[in-house]
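The values are calculated or read from the model by the stated rules, or taken from the named source; none is laboratory data. Just so it is clear, the structure is predicted and the values come from calculations on it, not from any experiment. Counting neighbours? That spans all protein chains shown, and the Cβs are built from the backbone with ideal geometry, glycine included.
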């Protein structure tokens, strides 16, 4: 009779095998999950290649602008206020374009370019009526190439746009979107309006001001300037000064430090005051002595005798209902042009010829 084998070793072996199998399949419970295999992808989509190409080409020419201004605090003590914004290289001579409100009142301006170094900049000129300004790098060589100039007269709603700037101090940030509308009006701090403004839905936040707006060819088509937002952050409604205006204004600022500002030599009442008086038109408050308006016989308010000043109701036959329309129409003339004003005085409208002058 054969001796009976002990089944215990076999049972132990089976248990160990099951335990090993279970441990192998659930080892992540003890040591964590193993890395998953990388799935190869196809080539980038064409629109991605376009976006990457635009950023790589243009971002080295985008400037990060730092400003310092002396202000008085609540207690009347002098303190330094700091600000930031964006800009971009205009030419090979170190000129940087930005918004006027970015450098307004600044005693010190520094610029950080692609190298990461901070470079001192000097003020060249500003056009507050267009919220544009030019500064110049003191160390002006080797800091990015000028961005190719496009045009804004053939833009279309729905066209792709690309904005590069420094929102909230985050340098060289790219946002994308489309043109949402064209021919918007944008008020400036001077009370005048910029016409033909581009409305975009690309995210524009504090710090983006002064940065370039680009088309899909990487050309400059505008300068990002303002947003409409209840919170102060992007709400998908941004505005850019069109490049056709920029390309007219910036060379004037570089050569002369300012741009001609058409006028006739008058001070007028604001629209709210005129409306409260029930007047449609532009009420002349004061005529500047020796100006073209003075030479043409226009009259301001006579406070002593309580007489209303002349009211401008038309320019060359174009109706003027308020100050904005007056400035818009006047903007279409150049210095030296003669215009015919329709002027209401003592209940009668008369025509007065006045020469347009530079009041900048």
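Just to be sure before I move on: is residue 194 part of a strand (DSSP E or B), under 30 Å from residue 310 (Cα atoms) and modelled with pLDDT under 95 in the structure I sent?
Details: part of a strand (DSSP E or B): yes; under 30 Å from residue 310 (Cα atoms): yes; modelled with pLDDT under 95: yes.
In short, yes.
Quick grid of which residues meet (1) touching a helix residue (DSSP H, G or I) at 6+ places or on another chain (Cβ under 6 Å); (2) touching a residue at least 60 places away in the same chain (Cβ under 8 Å); (3) in the same structural domain as residue 218 (by TED's automatic domain parsing); (4) buried (at least 18 other Cβ atoms within 10 Å of the Cβ):
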position	(1), (2), (3), (4)
165	no, yes, yes, yes
176	no, yes, yes, yes
182	no, no, yes, no
198	no, no, yes, yes
204	no, no, yes, yes
207	yes, yes, yes, yes
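Taking the criterion of being without any contact (Cβ under 8 Å) to a residue 24 or more places away in the chain and closer than 15 Å to residue 192 by Cβ, the residues of the range 324-360 that qualify are 325, 329, 332. Restricting the first member to the range 95-115 and to residues that are in the same structural domain as residue 173 (by TED's automatic domain parsing), and the second to residues that are at pLDDT 95 or above and not in a loop (DSSP other than H, G, I, E, B), no beta-carbon pair is closer than 8 Å while six or more apart or on different chains.
Matching residues to (1) out of contact with any strand residue (DSSP E or B) (no Cβ under 8 Å at 6 or more places or on another chain); (2) more than 18 Å from residue 357 (Cα to Cα); (3) surrounded by 12 or more Cβ atoms within 10 Å (Cβ to Cβ):
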site	(1), (2), (3)
267	no, no, yes
275	yes, yes, yes
293	no, no, yes
296	no, no, yes
300	no, yes, yes
307	yes, yes, yes
319	no, yes, yes
330	no, no, yes
334	no, no, no
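Residue-level analysis places residue 177 outside the set of residues that are part of a loop (DSSP other than H, G, I, E, B), in contact with a strand residue (DSSP E or B) (Cβ under 7 Å, 6 or more places away or on another chain) and modelled with pLDDT of 90 or more.
Within this structure, residue 301 fails the test of being over 18 Å from residue 194 (Cα atoms) and in contact (Cβ under 8 Å) with a residue 60 or more places away in the chain.
Strands (runs of 3 or more DSSP E) fully within the range 215-290 that include at least 1 residues being touching a residue at least 40 places away in the same chain (Cβ under 8 Å) and assigned by TED's automatic domain parsing to the domain that holds residue 313: 266-268, 282-287.
Restricting attention to the range 154-174, and to residues there that are in a loop (DSSP other than H, G, I, E, B) and touching a strand residue (DSSP E or B) at 6+ places or on another chain (Cβ under 8 Å), which single residue is nearest to residue 203 (Cα to Cα)? First the steps, then the outcome.
Residues of the range 154-174 in a loop (DSSP other than H, G, I, E, B): 154-159, 166, 170-172.
Cutting the leftovers down to touching a strand residue (DSSP E or B) at 6+ places or on another chain (Cβ under 8 Å) gives us 155-159, 166, 171-172.
Working: 155: 19, 156: 19, 157: 17, 158: 15, 159: 15, 166: 12, 171: 14, 172: 14 Å.
Looking at the filtered set, the residue picked out is 166.
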